[in-house]
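The values are calculated or read from the model by the stated rules, or taken from the named source; none is laboratory data. Since the structure is predicted, the reported quantities are computational estimates derived from the model, not experimental observations. Note: ideal-geometry Cβ built from the backbone for every residue, glycine included; neighbour counts use all protein chains shown. The protein model used for the area step is the full one, side chains on, heavy atoms only, and it has no ligands, DNA or RNA in it. Shrake-Rupley method; radii C 1.70, N 1.55, O 1.52, S 1.80 Å.
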Amino acid sequence: MEDPIGRILKRTELADGLVLEKTSSPLGVLLIVFESRPDALVQIASLAIRSGNGLLLKGGKEAKRSNAILHKIITDAIPDSVGGKLIGLVTSREEIPDLLKLDDVIDLVIPRGSNKLVSQIKNSTKIPVLGHADGICHVYLDKSANMDMAKRIVVDAKVDYPAACNAMETLLVHKDLSQSEGLSELIVDLRVEGVTLYGGPRASSLLNFPEARSFHHEYNSLACTVEIVDDVYAAIDHIHQHGSAHTDCIIAEDQEVAEVFLHQVDSAAVFHNASTRFCDGARFGLGAEVGISTSRIHARGPVGVEGLLTTRWILKGSGQVVDGDKDIVYTHKDLTNES
């Protein structure tokens, strides 16, 4: 990977002999609070080192010993020129409220875990928080869908790893497919894989499913909600009303319908004819991820090295002053692609 720090993103001649550079820069100090899985520690530490950020890690008590060993391995491996103190490990839960007050020291908090954890942290700090509380991902099955493809994608999106935040939680089906053989086969395929199906008002009456308690529900297990919708616009409205702006997918052969969905669904990741499970930092080629962000400010979607960087402006002159702009001629010439 090209060194991400100090890259010149844009270079502009403001006036003769006055050149402005927009450069990439580390965010500063990150506080990552994650539950259970110790593999998160390795991914996050790698990204923090690569992006030049300081890091405070707080893992779940279930992986306390694993986290301690992994932290030791990583800090021992960091060269002296960088310094092992770049990464700190917080072991006590009692320390978290105090850390969340350090808005003058910590620049970004990234919580990875349950809806409850993310909400608690967002409500108890003035430090910017990057992440997502819910992963309510939808797959919309258009009437133009290739049903053999649809069966593969839908089963994968639900079954490949049901506890993941990018697993399908709601299947939306075009009304013209509600009594089709293809949908019947798909329902059988899901049930064979052990998936429990719940229905929205229309699907529960048409397909005889038990009614779902809420559309805004993340099962995190082998269960999902199915609902019938009139068309792609109704699917988009449903997603905006009940989704979490994480990852949503359309299965369709009609390119015009697919383009409408791709451009109008306001989620961090929007897919056409591909499983929602692809929304992942490693699969996107980012190397790893600190998490997936549904925020609209700064990073969005899987957050890799670029999401842990900000920008700085470097101005190089030769004695220029403003003085009411009397003696300066602004050229604003783009030099980005000039060596």
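Residue pairs, Cβ under 9 Å, 6 or more apart or interchain, first in region 312-325 and farther than 11 Å from Thr12 by Cα and open to solvent by 100 Å² or more (accessible area, probe 1.4 Å), second among the acidic types (Asp, Glu) and not in a strand (DSSP E or B). List them. Here the result reads Val321/Asp327, each pair linking region 312-325 to a residue that is among the acidic types (Asp, Glu) and not in a strand (DSSP E or B).
Counted as qualifying within region 163-262 are the helices (runs of 4 or more DSSP H) with 3 or more residues that are of a type in the set (D, E, K, R) and on the phi < 0 side of the Ramachandran plot, namely 181-192. Residue-level analysis places His132 outside the set of residues that are of a type outside the set (A, V, I, L, M, F, W, C), touching a residue at least 60 places away in the same chain (Cβ under 8 Å) and not in a loop (DSSP other than H, G, I, E, B). Do we have Leu70 as crowded, with 17+ Cβ neighbours inside 10 Å and under 23 Å from Ser293 (Cα atoms) here? No; evaluated as a whole, the condition is false for this residue. Could you list all residues from region 139-167 that are within 15 Å of the chain's Cα centre (by Cα) and open to solvent by less than 30 Å² (accessible area, probe 1.4 Å)? Once the filter is applied, which keeps residues that are within 15 Å of the chain's Cα centre (by Cα) and open to solvent by less than 30 Å² (accessible area, probe 1.4 Å), region 139-167 yields Ala164, Asn166, Ala167. Identify all residues within region 253-306 that are under 24 Å from Val129 (Cα atoms) and of a type in the set (Asp, Glu); write none if there are none. Asp266, Asp280, Glu289, Glu306, listed by residue number. Could we say that Gly113 is within 17 Å of the chain's Cα centre (by Cα) and not hydroxyl-bearing (Ser, Thr, Tyr) here? Yes. Out of the residues in region 208-244 that are buried (at least 22 other Cβ atoms within 10 Å of the Cβ) and of a type in the set (Ser, Thr, Tyr), which is nearest to Pro162 (Cα to Cα)? That would be Thr225.
Residues are listed down the side, and each one gets a yes or a no for (1) of a type in the set (Val, Ile, Thr); (2) open to solvent by 20 Å² or more (accessible area, probe 1.4 Å):
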residue	(1), (2)
His246	no, no
Ile250	yes, no
Asn273	no, yes
Phe278	no, yes
Gly291	no, no
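For Gly60, the stated conditions hold: it is buried (at least 17 other Cβ atoms within 10 Å of the Cβ) and in contact with an Asp or Glu (Cβ under 6 Å, 6 or more places away or on another chain). When Glu13, Glu35, Glu21 are checked against the criterion of being over 23 Å from Val105 (Cβ atoms), acidic (Asp, Glu) and open to solvent by 50 Å² or more (accessible area, probe 1.4 Å), a single residue qualifies: Glu35. Being over 24 Å from Val118 (Cα atoms) and without any contact (Cβ under 8 Å) to a residue 60 or more places away in the chain holds for only one residue in Glu62, Glu13, Glu21, Glu2, and it is Glu2. Would you be able to say whether some residue in region 144-154 is under 13 Å from Cys224 (Cβ atoms) and in the same structural domain as His240 (by the TED database)? Among the residues of region 144-154, at least one is under 13 Å from Cys224 (Cβ atoms) and in the same structural domain as His240 (by the TED database), which makes the answer yes. Just so you know, in region 252-269 the residues that are in contact (Cβ under 8 Å) with a residue 60 or more places away in the chain and in contact with a helix residue (DSSP H, G or I) (Cβ under 7 Å, 6 or more places away or on another chain) include one that is surrounded by the fewest Cβ atoms within 10 Å (Cβ to Cβ), and it is Val257. Contact map, region 225-243: residues that are in the same structural domain as His174 (by the TED database) paired with residues that are part of a loop (DSSP other than H, G, I, E, B) and of a type in the set (A, V, I, L, M), Cβ distance under 8 Å, separation 6+ or inter-chain. Pairs shown: Thr225/Ala212; Val232/Ala252; Ile236/Val265; Ile239/Val265; His240/Val265; His242/Ile136; Gly243/Ile136. Taking residues in region 199-217 that are in the same structural domain as Val188 (by the TED database), and partners anywhere that are among the small types (Gly, Ala, Ser) and assigned to a helix (DSSP H, G or I), the pairs with Cβ atoms closer than 8 Å and at least 6 places apart or on different chains are Gly199/Ser205; Phe209/Ala203; Pro210/Ser204; Glu211/Ser204; Ala212/Ser204.
Against the definition (without any contact (Cβ under 8 Å) to a residue 24 or more places away in the chain and out of contact with any Leu (no Cβ under 7 Å at 6 or more places or on another chain)), how does Asp148 come out, yes or no? It is true that Asp148 is without any contact (Cβ under 8 Å) to a residue 24 or more places away in the chain and out of contact with any Leu (no Cβ under 7 Å at 6 or more places or on another chain).
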